[in-house]
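Remarks on the structure that follows.
Every number in this text was worked out from the coordinates using simple rules, so none of it is lab data. The model shown is predicted, which means the values in this text are computed figures rather than measured ones. Using ideal geometry, Cβ is built from the backbone for each residue, glycine included, and neighbour counts are taken over all protein chains shown.
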Amino acid sequence: MVNSSRRTSFLRILSHLRLTVKTKIWLAVTSIVVLFSFFVLFYLPVIQERNLLNNFNKDVQNQANTVGLGVKIAMTEQNFQGCKPPWTL
């Protein structure tokens, strides 16, 4: 019951409030700007951070695989000087 009385009082206040066309346009534009600002300032950086972190981790893993492959080849051929070039990446 309390919620319905609050809701009706809020609607009553809104019905007595007379908004001009200029105010309605400003409210519409402001709400659109706020929504786009939220999207650009909060949502996109989170996605960008996640993508950059995933790409960085893949790059590090690929370099580690390259070094490991070079060392493995050098060890199987008993060529220990072959171990040095993969570490100079």
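Are any residues in segment 47-81 basic (Lys, Arg) and under 33 Å from the mean Cα position of the chain (by Cα), and if so, which ones?
Arg50, Lys58
Pick from segment 17-58 the residues that are among the hydrophobic types (A, V, I, L, M, F, W, C) and in a loop (DSSP other than H, G, I, E, B): which of them is surrounded by the fewest Cβ atoms within 10 Å (Cβ to Cβ)?
Ranking the candidates gives Leu17 first.
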